[in-house]
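The values are calculated or read from the model by the stated rules, or taken from the named source; none is laboratory data. Every value quoted in this text rests on a predicted model; they were computed, and no experiment measured them. Positions of Cβ are generated from backbone atoms using ideal geometry, with glycine treated the same way; all protein chains shown enter the neighbour counts. Note: accessible area is taken over every heavy atom of the protein model, side chains too, but ligands, DNA and RNA are not part of it. Shrake-Rupley method; radii C 1.70, N 1.55, O 1.52, S 1.80 Å.
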Amino acid sequence: MSDQIQPWPVVKQGSQGHPVPALQYLLRDRGHHVTVDGIFGPKTEAAVEQFQIADQLHVDGIVGPQMWGALVIVLARGSTGDAVRGLQEEFRFREQSGGPGHGLAVDGIFGPKTATAVRSFQQALGLTVDGIVGPLTWRALVSGMLSF
């Protein structure tokens, strides 16, 4: 089913809104001190460049497919932290836009409600329904699938 999943989005300085908060939470989970405000400004760009240097990626301050692939963190029930907040923010985005959100709190705890949201999202897209947020589920989320 991965051929039906939209490509990774490209975000860069000046980008605002979805999926910038998820990017910022993922950067925070990787130890970068950025404010999660949904605005890809100079501090987010600097964190992106620092990540690119550390991960030996092309350093351009732009988040494209290669960087998303290196940045996302596999999450499952019991996971905690900023990456989980980024995941929950994706479902909050869908709720606000009339999509399949479940009123998740952005609390950084991958508990039963987050697991249910992930499984429902995977099922709706025809992905393997395992409740694990790996690269394919992340790509579907940050590319904006099932949002209106």
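Checking each residue in region 10-31 for being crowded, with 19+ Cβ neighbours inside 10 Å and in a loop (DSSP other than H, G, I, E, B) picks out SER15, HIS18, PRO19. Considering VAL74, VAL84, VAL59, VAL106, the condition of being open to solvent by 50 Å² or more (accessible area, probe 1.4 Å) and touching a residue at least 12 places away in the same chain (Cβ under 8 Å) is satisfied by VAL74 alone. Regarding VAL48, is this residue under 21 Å from LEU146 (Cβ atoms) and of a type in the set (A, V, I, L, M)? For VAL48, the condition - under 21 Å from LEU146 (Cβ atoms) and of a type in the set (A, V, I, L, M) - is not met.
Out of GLU95, GLU49, GLU90, which single residue is open to solvent by less than 30 Å² (accessible area, probe 1.4 Å) and charged (D, E, K, R)? Testing whether each residue is open to solvent by less than 30 Å² (accessible area, probe 1.4 Å) and charged (D, E, K, R) leaves just GLU90.
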